[in-house]
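In what follows, a single structure is set out as structure tokens and then discussed.
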């Protein structure tokens, strides 16, 4: 084994461990390894192509949410998907809801199980945070409070049972931030709806 081959092997092993099995061709390229050299090595080691430039180690299960966010980097998990990630919903999402800055478009999104929403960039940027996916990877999602406000927005058709369960679960949590929730609710014009539940559940 040449020194270069050993470096590639070590880099792939490091990236796979760091990203829970996922290796990005772009990362290998940035470290000086041509695409074809990397592809030959990944194929030999049994890595599976799960998207353009993204490969999965045979020792791991695919982290779909992490991969989607890497592919569509401007997307923030929101609404029902965010409720699930925060533990505010028992409903496992079969498709994912992501919010993008207005003007962002990608034809490839239409091929994926993703419901796309757009917000003005100033609103899109607000209250983003990082949580762990089920595989332990960092993914970007809106805060619990922002997500509740989005769910109660009159322009969004949300299931009433899901909304009620979410706010009940939120009010039972020790890390809830009711002042923040009410301030955001006022800003997003849903204060009357959310305050009705907060007053009953406090």
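If r is the Cβ-Cβ distance from residue 121 to residue 2 and R0 is 41 Å, what FRET efficiency results, to the nearest 0.05? Write out the running numbers ahead of the final one.
On the way: r = 48 Å, r/R0 = 1.17.
Plugging the Cβ-Cβ distance into 1/(1 + (r/R0)^6) gives 0.30.
Measure nothing fancy, just the Cα-based angle from helix 3-18's long axis to the longest principal axis of the chain, in degrees from 0 to 90, nearest 10.
20 degrees
Roughly what angle does helix 35-44 make with the longest principal axis of the chain, taking Cα atoms, 0 to 90 degrees, to the nearest 10?
Rounded to the nearest ten degrees, it is 90.
Which angle between 0 and 90 degrees, to the nearest 10, do you get for helix 191-201 versus the longest principal axis of the chain when only C-alpha atoms count?
80 degrees
Along the Cα-to-Cβ line of residue 61, 7 Å from the Cα, sits a label point; which residues in region 81-120 have backbone N less than 17 Å from it?
85, 91-95
Rounded to the nearest 500, what is the chain's calculated 222 nm mean residue ellipticity when only DSSP H runs of at least 4 contribute -39500 (n - 2.57) each, over all residues?
Details: 10 runs with 93 residues, N = 202.
For the chain, the value works out to -13000 deg cm²/dmol.
Between residue 134 and residue 164, what length comes free when the chain is fully extended (0.36 nm per residue of separation minus the Cα-Cα distance, one decimal in nm)? Walk me through the numbers before you get to the answer.
On the way: separation 30, 0.36 × 30 = 10.80 nm, distance 2.43 nm.
Taking 0.36 nm per residue and subtracting the Cα distance, the gain is 8.4 nm.
Taking 7 Å along the Cα-to-C-beta vector as the label spot, tell me the residue 17-residue 44 distance in nanometres, rounded to one decimal.
That separation, rounded to one decimal, is 2.1 nm.
In µm²/s, what is D for region 1-100 at 25 °C and 0.890 mPa s, where D = kT/(6 pi eta Rh) by Stokes-Einstein and Rh is the Kirkwood radius from Cα pairs? Before the final figure, lay out the partial values.
Details: Rh = 14.9 Å.
Answer from the Stokes-Einstein relation: 164 µm²/s.
How do 105, 79 rank when sorted from fewest to most other Cβ atoms within 10 Å of their own Cβ?
Values: 105 10, 79 23.
Listing 105, 79 from fewest to most nearby Cβ atoms yields 105, 79.
Sorted from largest to smallest, which semi-axis lengths in Å does the alpha carbon gyration tensor of region 3-62 give for its equivalent ellipsoid, taking the root of 5 times each eigenvalue? Kindly include the intermediate steps, with their values, before the conclusion.
Numbers: eigenvalues 53, 28, 22 Å².
After diagonalising the Cα gyration tensor, the semi-axes are 16, 12, 10 Å.
Of the beta bridges DSSP finds with both residues in the chain, what % are antiparallel, to the nearest 5?
On the way: 13 of 20 bridges.
Here the share of antiparallel DSSP bridges comes out near 65 percent.
When you count, for each residue, the other Cβ atoms within 10 Å and take the mean per peptide, how do 136-149, 30-43 rank with the highest first? Each step should come with its number before you reach the end.
Numbers: 136-149: 21.4, 30-43: 14.3.
Sorting 136-149, 30-43 by mean packing, highest first, produces 136-149, 30-43.
Using only the Cα atoms of region 46-202, what semi-axes does the equivalent ellipsoid have when each is the square root of 5 times a gyration tensor eigenvalue? Give whole Å, largest first. Walk me through the intermediate numbers first.
Numbers: eigenvalues 178, 61, 32 Å².
After diagonalising the Cα gyration tensor, the semi-axes are 30, 17, 13 Å.
Over all pairs of distinct alpha carbons, what does the Kirkwood formula give as the hydrodynamic radius of region 134-202, in Å? Numbers along the way, then the final one.
Working: mean 1/r = 0.0793 Å⁻¹.
About 12.6 Å, per the Kirkwood formula over Cα pairs.
Values in this text are rule-based calculations from the coordinates and carry no lab data. Every value quoted in this text rests on a predicted model; they were computed, and no experiment measured them. Note that each Cβ is placed from the backbone with ideal geometry, even for glycine, and that neighbours are counted across all protein chains shown.
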